[in-house]
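What follows is a short report on a single structure.
Since every read-out is calculated from the coordinates, none of them should be taken as a lab result. Note that the coordinates shown come from a computational prediction; the quantities given were computed from them, not determined experimentally.
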Amino acid sequence: MLNDFLHNTLLWNTLIVSIFVQSLKFFIYLVRSGKVDFRWFVRTGGMPSSHTATVFALSTMVGLREGFSSTIFAVTAMFSLIVTYDATGVRRAAGKQAAVINRMIEELQMQHKVGRERLVELLGHTPLEVFVGAVLGIIMGILLG
């Protein structure tokens with residue numbers, strides 16, 4: 001059982017995609033800002049969507065290995081669509097709400113009525129970030145699959 005787990009190339013290749021694309025965010029931020037921010041290795045949001053790239057790579061590799069008409073491909077494809085919807089819909093809306101709440105907190109802070117805690121605003125993705133993540137995931141899925 002442990003041996004099967006350790007030799008599951010689909011699992012490890014998917015993990016490689018996730019780490020690679022998440023690392024891209026660090027380097028993109030570094031190039032754009034000239035600043036080193038190691039939080040980009042674990043932060044949500046930003047270009048490209050590592051969640052989308054990961055699930056699209058998984059779906060691509062499953063499709064290549066098991067067939068695009070297989071039940072398991074259908075499961076992973078639907079999973080990928082749900083993750084993509086969440087990245088652009090629910091999490092993006094939560095990030096916008098956090099920005100509004102943070103502005104309200106700043107106004108209250110000027111009156112010294114609240115503390116300094118801020119909510120995380122960069123939670124979701126723009127459609128472009130998700131699209132780039134999907135394309136990267138499919139390409140990496142083909143290369144690693």
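Between VAL36 and ARG65, what is 0.36 nm times their sequence separation minus the Cα-Cα distance? Round to one decimal in nm.
6.6 nm
May I ask you to evaluate 6.51 cos²θ - 1.76 cosθ + 1.60, the Karplus curve with θ = phi - 60°, for each residue of the range 128-144 and list the ³J(HN,Hα) values in order in whole Hz, giving x for glycine and proline?
Rounded to whole hertz, the list is 5, 4, 5, 4, 5, x, 5, 5, 4, x, 5, 4, 5, x, 5, 5, 8.
³J(HN,Hα) across the range 13-18 via Karplus (A = 6.51, B = -1.76, C = 1.60, θ = phi - 60°), whole Hz, x for Gly/Pro?
Coupling constants for the range 13-18: 5, 5, 5, 4, 4, 4 Hz.
Per residue, how much space in cubic angstrom lies within the convex hull of the C-alpha atoms of the range 1-86?
109
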